[in-house]
Amino acid sequence: MRGAPFSLLRRRDERAQVTQIELFFDLIFVFAVTQISEFLRAHMSALGALQALMLFAAMWWGWVYTSWATNWIDPDRRPVKLLLLGLMFCALLLAASVPKAFGIRGLTFALGLSTMNLGRSGFMLWALKQHDSVNYKNFQRISVWLGTGALLWLLGGLLSEPFRIFLWAAALLVDLAGPANGFYVPGLGRSTTLDWQLDARHMAERCAGFVLIALGESITVIGANFSDLHWRPATAAAVTSALVSAAALWWIYFNDAAERTAHAFAHAEDIGKIARAAYTYVHGLLIAAIITIAAGDAFLLELPLQNASPGQSLILLGGPAAFLLGNGFFRRFLHPRFPVSHLYGLACLAVLTAISPWCSLLALSLGVSITLLAVVFISNALAART
C-alpha cells in the first residue's frame with residue numbers, strides 16, 4: 001500500500017486545536033450515550049448491567065481511539081474530514097443497534113464497531129507511511145490487535161447467546177489490553193509510551209468534552225421526565241436533587257480536576273503514559289459512572305417516594321461512587337495522594353448503602369446530592385489551605 005503523497009499530520013510547532021468536525025463527530029455519541037443509558041434502565045439485572053458495561057466499553061473505545069488519531073492527523077484537511085464523516089456512519093450503526101445488540105442486531109453492532117476500528121487504522125497507516133515512521137509502525141501493531149478484536153466481535157455477532165457474550169467479552173479483553181501491553185506483536189515489537197508523542201491539551205479538551213456529553217444525558221433525563229410528570233412537591237424535590245447532583249459532578253470534575261490536571265499533563269515527561277492511564281482508561285470509568293447516574297435519575301423521577309429496590313439502590317449509589325473513584329484516580333496524576341474529599345464522599349455513600357433497604361428513591365437521591373456537595377466544599381476548603 002502506497003502512503004499519502006502529502007502530509008496530513010498536525011503541525012507540532014503550534015498547539016492542536018479541537019476542530020468543528022471533531023465536535024460534529026461527537027454528536028453521534030450523544031445518541032450512543034442515550035442508548036446505553038436506556039439499555040441499562042431496561043435491563044435491571046446482573047446480566048443486563050454486564051451487557052450494558054460491554055456495550056459502553058465498545059463505544060468508548062471507538063471514540064477514544066478516534067481522539068488519539070485526530071491528535072496526530074489534521075481534521076481540517078479534507079481526507080481527514082471525510083474519514084470522520086465515514087466513522088460517524090459506523091458509529092450511528094453501532095448506536096442504533098444497542099437496544100437489541102444481544103438479540104437480532106448483534107451482527108450490525110459488530111459490523112459498525114469493526115468497520116470503525118479497522119477503517120480508522122487503515123486510514124492512519126496510509127496517512128503515516130511516508131511521513132511518520134515511528135507512528136506508522138505503532139499503527140501496524142494497533143491494526144493487528146484491532147483486527148483480532150474485530151474477528152471476535154464479528155464471530156460473536158453471528159452466534160446467538162450464550163456464545164455471543166463470551167466471544168464479545170474476549171474481544172473487549174483484546175481491545176482493552178492492547179494499550180496496556182504496548183500493542184506487542186511478535187516480529188513488530190512493542191510500542192512505548194514515549195513513542196506516543198501527542199498534544200496533551202488537545203487530548204484533555206477532547207475527554208473533557210465527552211464528560212460534558214455524558215452530563216448532558218443527565219440533564220436531558222431530568223428535563224424530559226420533569227416535563228411529562230405531574231408537578232408535585234415530591235417531583236420538585238426529586239428534580240432539584242438530581243440537578244444539584246449533576247451540578248456537583250460538573251464542579252468536582254471541571255473546577256477541581258480537569259484544568260489543573262491538564263496543565264500537569266502538558267508538562268509531564270512521559271505524556272503518552274498519562275494519556276493512556278488518565279485519559280483513556282480512567283476517563284472511561286468516569287463516563288460510565290455518569291451514564292449510570294443518568295439511569296438512576298430516570299427511576300428517581302418516575303416514582304420518587306417508592307422504596308428503592310436493590311438494583312435501583314446499586315445504580316443510584318454505585319454511579320456516584322464510581323465517579324468519585326474515577327475522578328480520584330484522575331486527580332492522583334496531579335497530587336501525591338488520593339483526594340481526601342473523595343474518601344469522605346465514598347464513606348458517606350457506604351453509609352447510604354447500608355441503610356438503603358429502608359429508604360425511598362428520593363431519600364437516597366437527597367443523600368447523594370448532599371454527599372457530592374460535601375465533596376465540593378471539603379475539596380475547596382483543603383485547596384484554600386495550600
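Can you give me the ranges of the helices (runs of 4 or more DSSP H) entirely in the range 235-326 with at least 2 residues that are among the β-branched types (V, I, T) and either under 29 Å from D199 (Cα atoms) or at pLDDT 85 or above (or both)?
271-274, 283-302
Check the range 58-74 and report whether any residue there is over 20 Å from the mean Cα position of the chain (by Cα), touching a residue at least 40 places away in the same chain (Cβ under 8 Å) and surrounded by fewer than 21 Cβ atoms within 10 Å (Cβ to Cβ).
yes
Can S313 be described as of a type in the set (S, T, N, Q) and either outside the structural domain of Y253 (by TED's automatic domain parsing) or under 14 Å from T292 (Cβ atoms) (or both)?
Yes.
Within the range 327-361, restricting attention to residues that are out of contact with any helix residue (DSSP H, G or I) (no Cβ under 7 Å at 6 or more places or on another chain) and in a helix (DSSP H, G or I), which residue is surrounded by the most Cβ atoms within 10 Å (Cβ to Cβ)?
L343
From (1) free of Cβ contacts under 8 Å to residues at least 24 places away in the same chain; (2) in a loop (DSSP other than H, G, I, E, B), pick out the condition that doesn't hold for S227.
(2)
Among (1) farther than 24 Å from G272 by Cβ; (2) over 24 Å from the mean Cα position of the chain (by Cα); (3) in a helix (DSSP H, G or I), there is one condition L125 misses while meeting the rest; what is its number?
(1)
Check off (1) at pLDDT 85 or above; (2) in a helix (DSSP H, G or I) for F183 and give me the number that stays unchecked.
Among (1) at pLDDT 85 or above; (2) in a helix (DSSP H, G or I), the lone unmet condition for F183 is (2).
The values are calculated or read from the model by the stated rules, or taken from the named source; none is laboratory data. This structure is a prediction, so every number in the text was calculated from the model and none was measured. Neighbour counts run over all protein chains shown; Cβ positions are idealised from the backbone, glycine included.
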